[in-house]
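> Sharing a structure below in C-alpha cells format, with a few things to ask.
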Amino acid sequence: MTSHVTTDPYPDLLSEKGGTGFPYLVILDAEGNPLSKVTGARTIEGFEQAAGKAKEFVKFRALAERGDARAQCQILLARLEMGLLNAAEARREAAELKDVPSDLKTRLDGFLADFEVDDVLREVRLEAGRRFLQMKKSGRVPQDGDKGDTFWSHVLEFAEDRSDGDVFEEALEAIKKIYGDQINQKWVERQEQILKKIREP
C-alpha cells in the first residue's frame, strides 16, 4: 500500500515489508515480520515454494536464537533477498556475524558488493547533481527534453540529499513541464511526499 492517504494506518506497508513495486506478495509471521516472498509466476508451485522458504526461515530463526552461526548467516541472507535491509544495516549485521561458512560467505559478499556498487553510483549521481545545479545557477540549462530530464533528475536527487526544498521543488516543476500530461502521476505523488518531508520543521 502506497496510497499516501493521511487516514491510512499503514501508508508505508509495502516498503516496510521489502516491496518496491506491484505486485508484491510476501508471507508474514503472526507479528508481521516477513518470512519469504513469492517470486516468479503466481502459481500454486510458486506459493508452495515461498511457503517452504517461510518454514525454513522459522527453523533458521530458532537455531539462530540459540547461537547457531550458520543459521544466523542464513537469516541475514534471507532478509537481504527480501530487500529488508539498507546498506548500513547489512554491513553492520554482516560485521557482527562470527564464523561465516565459506559456502554462504560468497553469497553474502555478493550482496555487500551490490550495495557498494549502489553507493558508488549514488556518489556519481550526487556529484552530477551538484555540478548541474552550478550550471543552472549560472544560467546554463539544457533545452533538449532527454538532456533536460537527466539534468533536472540529478538536481532533484542532489536537493533531496541536501534537504533543499526550494531547489527540489524547482527541479520537480521542471520535470513536470518536460513531460506534461505524459508524466507518471504516482511518481509525482512520491516526489511531493518527499518535498513535504523536506519542508517539515
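The values are calculated or read from the model by the stated rules, or taken from the named source; none is laboratory data. All values reported here derive from a predicted model rather than from experimental measurement. Don't worry about glycine lacking a Cβ; one is built from the backbone with ideal geometry, like all the others, and counts go over all protein chains shown.
> Which fully enclosed helices (runs of 4 or more DSSP H) of the stretch 75-182 have 1 or more residues being among the β-branched types (Val, Ile, Thr), without any contact (Cβ under 8 Å) to a residue 40 or more places away in the chain and within 23 Å of Ser36 (Cβ to Cβ)?
102-137
> Taking Leu112 as the residue in question, decide whether it is more than 30 Å from Pro201 (Cα to Cα) and of a type in the set (A, V, I, L, M, F, W, C).
Yes.
> Only one of (1) on the phi > 0 side of the Ramachandran plot; (2) touching an Asp or Glu at 6+ places or on another chain (Cβ under 9 Å) fails for Ser163. Which number is that?
With (1) on the phi > 0 side of the Ramachandran plot; (2) touching an Asp or Glu at 6+ places or on another chain (Cβ under 9 Å) applied to Ser163, the lone miss is (2).
> From the set of residues in the stretch 1-45 that are assigned to a helix (DSSP H, G or I), at pLDDT below 70 and of a type outside the set (D, E, K, R), which is farthest from the chain's Cα centre (by Cα)?
Leu13
> Looking at the stretch 78-129 only, could you name the residues that are among the acidic types (Asp, Glu) and at pLDDT below 90?
Passing the criteria: Glu81, Asp99.
> Quick check on Asp114: is it surrounded by 13 or more Cβ atoms within 10 Å (Cβ to Cβ) and over 23 Å from Ala174 (Cβ atoms)?
Yes: the conditions hold for Asp114.
> A follow-up question, please. I'm checking my understanding of the structure. Among residues of the stretch 131-171 that are among the aromatic types (Phe, Trp, Tyr) and farther than 20 Å from Arg199 by Cα, which one is surrounded by the most Cβ atoms within 10 Å (Cβ to Cβ)?
Per the stated criteria, the residue is Phe151.
> Would you be able to say whether some residue in the stretch 46-62 is outside any helix (DSSP H, G or I) and surrounded by 15 or more Cβ atoms within 10 Å (Cβ to Cβ)?
No, the stretch 46-62 contains no residue that is outside any helix (DSSP H, G or I) and surrounded by 15 or more Cβ atoms within 10 Å (Cβ to Cβ).
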